[in-house]
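Q: Structure in structure tokens, see below.
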Amino acid sequence: MNSKKILMVINFFPPAAGGGVYRPLSFVKYLSGSGWDVTVVTPKPGEFWINDAELEEKVPSGVRVIRTPSISGQRMLGRFRKEKNEVSSRSSSGFGALRKISEFFLVPDTYVGWIPFASREVIRLCGSERFDVIYSTSPPDSSHLVAKKAAKRYSIPWVADFRDPWISLYLRRPPTAMHAAMHRNMEKGVSRADRVIVTTSWQKEKLESLFPWCRVEKIPNGYEEDDFLVPAETAGDNGKFTILHSGMLTLGRSSRPFLEGLRLFLDRNRGAEELVDVTFLGPMESANEVWVGRLGLEKTVIFQGNLPHSECVEIEKRSSLLLLIKHDDPRYRGLVPGKLFEYIGARRPILAIAPEGEASSIIKRLNRGEAVSAGDREGIAAVIERLYSLYTSGKLDSSYSLGEEKEFSRRVQAMKFDKLLREMISERIIS
């Protein structure tokens, strides 16, 4: 294949970490290895509150990464924090208050301060060299506005990748009707990209119903095959039933329902407390630690903070059970957490605290584990008890299908993306 040039507008990029980094990073990795000349425009480090320096090693050496200045609330807050590699916890009340203020003044999101810097660099690049396609990914939604301007000015095919739906329209409530109208108008503008990529069937149907002209393609999230090439040692080899939650705990994704169910289970199963270890690995809102104390779970539950992604993966592979917590909110029911696919790659049973929807359906279809609603504390306790019983009888792994699922490989998703990009370019040439 002839070499093609792609300009990628990505706000969350290594050394930034967190769930939003891995999908665009995998596209960068595999496109670079498939004959694409890749240029990434991203903010200088410090734009996001989670970092993992090791992730920079996953960026291929041939990829050109241009880092621009930016202005964001997170960057300014970072200046007041102690110098250290990672912040593992932030104040739930403080962050909630700041979010409400920022949603009123910063549209479309708190990263709007990156737009002028990124736009200037993207316009400079497009004015000095020829790109075959422009890619933008969100959140933050600001990234699409940068790409939209350059794509229109230089008539370059543009693909907009929605890892999540437009945040302030679907996942949060705009503070006023005027704000809602502004967001809807921006979303409408992005819907006119040459292609719009989404990760779930729900979002595809939503965009197609709102904007009949929108050319939507679904490319789901996935797991990085290279992270799971070497199987871990026998899970639970320390003789304990180890439950691991790996990932962020946010204002809307709380550990409280699981912890309350766990408390019920322990109260009904004397002696289990000595054999159960629960670890929450990753950054979180401070309210989660409060609930551990209130429920008297200090001996069973620990918060380990953030670790390099490579270490997280190894711990996932060694755990008896992987815990997935999804927002218990109707607005989020169409979303599938990216972490689910990493858990599938780890080949361990999954316990999902999640409402009925696409995420729980995937778990059930693959017979990968169990799903129970966050509002059902008794149900959570009962599921923990059943899984614990399977573990103590040596039947946990054999009760579920834990094989490889190629359909969710990042490599496979990137091949679909590659094909889509080349189709877009061919269409422009023909027209």
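Q: For the stretch 228-407, divide the Cα radius of gyration by the Kirkwood radius and give the resulting Rg/Rh value with two decimals. Display every interim value, and only then the final one.
A: Values: Rg = 15.0 Å, Rh = 16.3 Å.
Looking at the stretch 228-407, the ratio lands at 0.92.
Q: In nanometres, what is the gap between the two model label sites at Leu210 and Glu56, each 7 Å from Cα along Cα-to-Cβ?
A: The two pseudo-label positions are separated by 3.7 nm.
Q: Express in nm, to one decimal, how much length is gained between Lys240 and Gln304 on full extension, taking 0.36 nm for each residue of separation and deducting their alpha carbon distance.
A: Working: separation 64, 0.36 × 64 = 23.04 nm, distance 1.76 nm.
Contour length minus Cα-Cα distance gives 21.3 nm.
Q: For a protection proxy built on the mean count of beta-carbon atoms within 10 angstrom, sort 382-389, 344-351 highest first, please. Write down the numbers at each step before the final one.
A: Details: 382-389: 18.5, 344-351: 24.2.
Top to bottom by mean Cβ count within 10 Å: 344-351, 382-389.
Q: Also, quick follow-up: Find how much the distance from Arg130 to Ser155 grows on full extension, using 0.36 nm per residue of separation minus their present alpha carbon separation; answer in nm with one decimal. Spell out each step's value before the answer.
A: On the way: separation 25, 0.36 × 25 = 9.00 nm, distance 1.07 nm.
In short, 7.9 nm is gained.
Q: A further question on this structure: Per DSSP H run of at least 4 residues, take -39500 (n - 2.57); add these up for the chain, divide by its residues and hand me the 222 nm value, nearest 500 deg cm²/dmol. Kindly include the intermediate steps, with their values, before the conclusion.
A: Numbers: 15 runs with 175 residues, N = 431.
Calculated mean residue ellipticity at 222 nm is -12500 deg cm²/dmol.
Q: Local charge sum around Asp418 (other residues, Cβ-Cβ under 11 Å, Lys/Arg +1, Asp/Glu -1)? Don't skip to the answer; put the middle values down first.
A: Working: positive: Lys4, Arg411, Lys416, Lys419, Arg422; negative: Glu423.
Counting the neighbours of Asp418, the net charge comes to +4.
Q: Using only the alpha carbons, work out the radius of gyration and Dmax of the chain in angstrom.
A: That works out to 21.9, 72 Å for Rg and Dmax.
Q: Next question. Among Thr300, Thr250, Thr392, which comes first, then next, by fewest other beta-carbon atoms within 10 Å? Kindly include the intermediate steps, with their values, before the conclusion.
A: Working: Thr300 21, Thr250 16, Thr392 12.
If I rank by nearby Cβ atoms, fewest first, I get Thr392, Thr250, Thr300.
Q: Determine, from the Cβ-Cβ distance of Thr176 and Asp329 and an R0 of 30 Å, the FRET efficiency 1/(1 + (r/R0)^6), rounded to the nearest 0.05. Kindly include the intermediate steps, with their values, before the conclusion.
A: Numbers: r = 21 Å, r/R0 = 0.70.
Efficiency, from the Cβ-Cβ distance: 0.90.
Q: Under unit Cβ charges (Lys, Arg +1; Asp, Glu -1), what dipole magnitude, rounded to 20 debye, does the chain have relative to its Cα centre? Each step should come with its number before you reach the end.
A: Values: 63 positive and 54 negative charges, 318 e Å.
Using only the charged Cβ atoms, the result is roughly 1520 debye.
Q: 5 Å is the cut-off here: which amide hydrogens, built 1.01 Å from N in the peptide plane, fall below it relative to Met8, excluding neighbours closer than 5 in sequence?
A: Under 5 Å from the amide H of Met8: Thr39, Val40, Val41, Tyr135.
Q: Okay, moving on. What FRET efficiency do you get for Val65 and Arg270 if R0 is 45 Å and r is their Cβ-Cβ distance, rounded to the nearest 0.05?
A: 0.20
Q: Which entries of Lys240/Lys364; Lys206/Lys406; Lys58/Lys416; Lys339/Lys406; Lys299/Lys395; Lys5/Lys58 show an alpha-carbon separation above 24 angstrom in the structure shown? Display every interim value, and only then the final one.
A: Values: Lys240/Lys364 26 Å; Lys206/Lys406 27 Å; Lys58/Lys416 21 Å; Lys339/Lys406 16 Å; Lys299/Lys395 26 Å; Lys5/Lys58 20 Å.
Where the Cα-Cα span goes over 24 Å, the pairs concerned are Lys240/Lys364; Lys206/Lys406; Lys299/Lys395.
Q: Taking N as the number of residues in the stretch 167-284, what is its Cα Rg relative to 2.2 N^0.38 Å?
A: Computed over Cα atoms of the stretch 167-284, the ratio equals 1.61.
Q: For the chain, give the share of DSSP beta bridges that are antiparallel, in percent and rounded to the nearest 5; count only bridges with both residues there. Write out the running numbers ahead of the final one.
A: Details: 1 of 52 bridges.
Around 0 percent of the beta bridges assigned by DSSP in the chain are antiparallel ones.
Q: While we're here: Could the peptides 420-426, 5-11, 311-317 be put in order, highest first, of the mean number of other beta-carbon atoms found within 10 Å of their residues?
A: Details: 420-426: 16.7, 5-11: 25.3, 311-317: 19.1.
The densest-packed peptide leads the list: 5-11, 311-317, 420-426.
Q: What order do you get for Trp202, Trp158, Trp49, Trp114 when you list them from fewest to most C-beta neighbours inside 10 Å?
A: Values: Trp202 18, Trp158 24, Trp49 21, Trp114 27.
With the fewest neighbours first, Trp202, Trp158, Trp49, Trp114 line up as Trp202, Trp49, Trp158, Trp114.
Q: Determine, from the Cβ-Cβ distance of Arg120 and Glu407 and an R0 of 41 Å, the FRET efficiency 1/(1 + (r/R0)^6), rounded to the nearest 0.05.
A: Efficiency, rounded to the nearest 0.05: 0.50.
Q: Continuing with the same structure: Mean Kyte-Doolittle of at least -1.0 plus a Cα span of 27 Å or more along the axis: flag which DSSP H helices in the chain meet both, please.
A: Numbers: long enough: 410-430 (30 Å, -0.33).
Going by DSSP H runs, the hits are 410-430.
We did not get these values from a lab; they are worked out from the coordinates using the rules stated. These numbers were taken from a predicted model, which means no experiment stands behind them. Because the Cβ atoms are built from the backbone with ideal geometry, glycine has one as well, and the counts that use them run over all protein chains shown.
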